[in-house]
Amino acid sequence: MTTNSPQLPLRRGEVIPALHEAKAQAFLTTALPNVRYLTNFTGSNGALLLTEDRALLFTDPRYATQAPQESDCEVKVAKGPLLKEVAKWIKRLQLKSLAFEQNRISFEDYGQLKEHAKNLRLKPLNGLVETLRAVKSEAEIAAIRNSVQLNSTALEQSLRRFKPSMTEIDLAAEIDYRMRRLGAEGPAFETIVASGKRSALPHARPTEARIQTDELLLIDMGAIVAGYASDMTRAHAVGKLDTKRQRMYRAVLESQLAALEAIKPGVTCANVDRVARDVLRGFGLDKLFVHSTGHGLGLEIHERPRVGRKDKTKLVTGMVITVEPGVYEEGFGGVRIEDTVVVTASGCEVLTPTKKELLTL
Ligand code: GLY
Ligand code: MN
Ligand code: MN
């Protein structure tokens, strides 16, 4: 399995028309996933200043060698705060207006701009690069496919080592270890292992509690492979489940399958969400579905679009999203089933290979 970074589309040219619209001469991003997307630079400190004809990548001396190797931008190595150096270049290029990411820039970086680039007209933009990122290139889809495959292999290997006497932390640690051994950079988020009543916490932290028998066991895990995230949830039966828990599982599975069936280009995210909720309503369980049906993923674990009640975004071929309805009854238990899928011309392809029939451990 290759873990090389994919060749990113570097869609810098597509940022420029938005600049014209915002009446700005340049664009600044300090959000690392956006910097990476537009430059290929993978370091942990960077900023990109984009004008109609120049792309300046700012970083610190730790990345003086790496940045020009990874990126085709003009690299500027700053000794002090990056934004101070950015401001210097804004003056040197005689820029009078700058579009910045209001949802991403830190208060401190904003302050640096205000202080060191006086008289610069600052134009707030929201989600410009994130909107481009929502539709993946072939190379990105291949990277996510690798990540999803590795994630499923890590689950399979971990479950082979499962013993009912394990604690939630033991199993989560095994999962993280298997991911790393298989070539992941690490987990995409803190691995969730939640047993029994704790499975009713949608984002439970693993604890020292021993995994209980005749109970549900919920595992939500994702890997980062070559920069790209995967995300999968499976609920398992440890021993025998009573009929109420089995019904909960069946309801969530039917909801998940119906939502998958609803996905195709042109359908809104809100519509997919509604389909998932409607099935749960049929079981009288919709009130226990307390989050949205899914989300985009890529360089970040949560990206656009949000597959929720209010997101009117129409699905487009090449979007990669999760489908993850869940039902959570406090003090009892919960079930969530989550796959990563890519929207295709005729529907969607489920990338996650892990089976969805209730698995008994
Ligand atoms: N584990 C994060 C999510 O499923 O969204
Ligand atoms: Mn998810
Ligand atoms: Mn998840």
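Read-outs throughout are calculated quantities, based only on the coordinates presented, and are distinct from any laboratory measurement. Predicted, not measured: the structure shown is a model, and the values here were computed from it. Glycine gets a Cβ as well: all are built from the backbone with ideal geometry, and neighbour counts include every protein chain shown.
Points to keep in mind about this one:
- Rounded, prolate or oblate (a/c below 1.5 giving rounded, otherwise prolate when a/b exceeds b/c) for region 164-207 by Cα gyration tensor: oblate
- Here the contact order of region 81-225, divided by its residue count and restricted to Cα pairs under 8 Å and six or more residues apart, works out to 20 percent.
- For the chain, the relative contact order is 14 percent, taking Cα pairs closer than 8 Å that sit 6 or more residues apart in sequence and dividing their mean separation by the residue count.
- Dividing the C-alpha radius of gyration of region 1-160 by 2.2 N^0.38 Å, with N its residue count, gives 1.15.
- Remark: the residue 106-residue 23 segment gains 27.6 nm on full extension, using 0.36 nm per residue and subtracting the alpha carbon distance.
- Seen through its C-alpha gyration tensor, with square-root eigenvalues sorted a ≥ b ≥ c, region 266-349 comes out prolate because a/c lies at 1.5 or above while a/b is bigger than b/c.
- The trypsin sites (Lys or Arg not before Pro) of region 319-361 that DSSP puts in a loop, and whose beta carbon has at most 12 other beta carbons within 10 Å, are 355.
- Region 1-137: antiparallel DSSP beta bridges as a percent of all, rounded to 5: 40 percent
- Along the axis of the charge dipole computed for the chain (Cβ charges of +1 for Lys and Arg, -1 for Asp and Glu, origin at the Cα centre), the listed residues 39, 296, 173 are led at the positive end by 39.
- Distance in nm between pseudo-label sites at residue 11 and residue 62 (7 Å out along the Cβ direction from Cα): 3.0 nm
- Cleavage-rule hits, trypsin sites (Lys or Arg not before Pro), region 105-141, DSSP coil, Cβ neighbours within 10 Å at most 15: 118
- Sorted from longest to shortest, the spans of the Cα atoms of region 65-180 along the three principal axes equal 65, 33, 32 Å.
- Rounded to the nearest 20 debye, the dipole magnitude of the chain is 660 debye, with +1 charges on Lys and Arg beta carbons, -1 on Asp and Glu beta carbons, and the Cα centre as origin.
- Computed over all pairs of different Cα atoms, the Kirkwood value for the hydrodynamic radius of region 22-70 is 11.1 Å.
- Loop-located GluC sites (Glu not before Pro) in region 254-361 (DSSP state not H, G, I, E or B) with no more than 14 neighbouring Cβ atoms inside 10 Å: 330, 357.
- Compared with the alpha-carbon gap, the fully stretched path from residue 189 to residue 160 is longer by 8.2 nm at 0.36 nm per residue.
- Building the convex hull from the alpha-carbon atoms of the chain and averaging its projection over directions returns 18.7 nm².
- For 278, 339, order by how many other beta-carbon atoms lie within 10 Å, fewest first: 278, 339
- For the chain, DSSP calls about 75 percent of its internal beta bridges antiparallel.
- Fluctuation leader among 322, 42, 340 - the chain, Gaussian network, Cα springs under 10 angstrom: 42
- Note on residue 197: aspartates and glutamates with a C-alpha under 12 Å away, same-chain residues under 8 apart excluded, are 214, 215, 329, 330.
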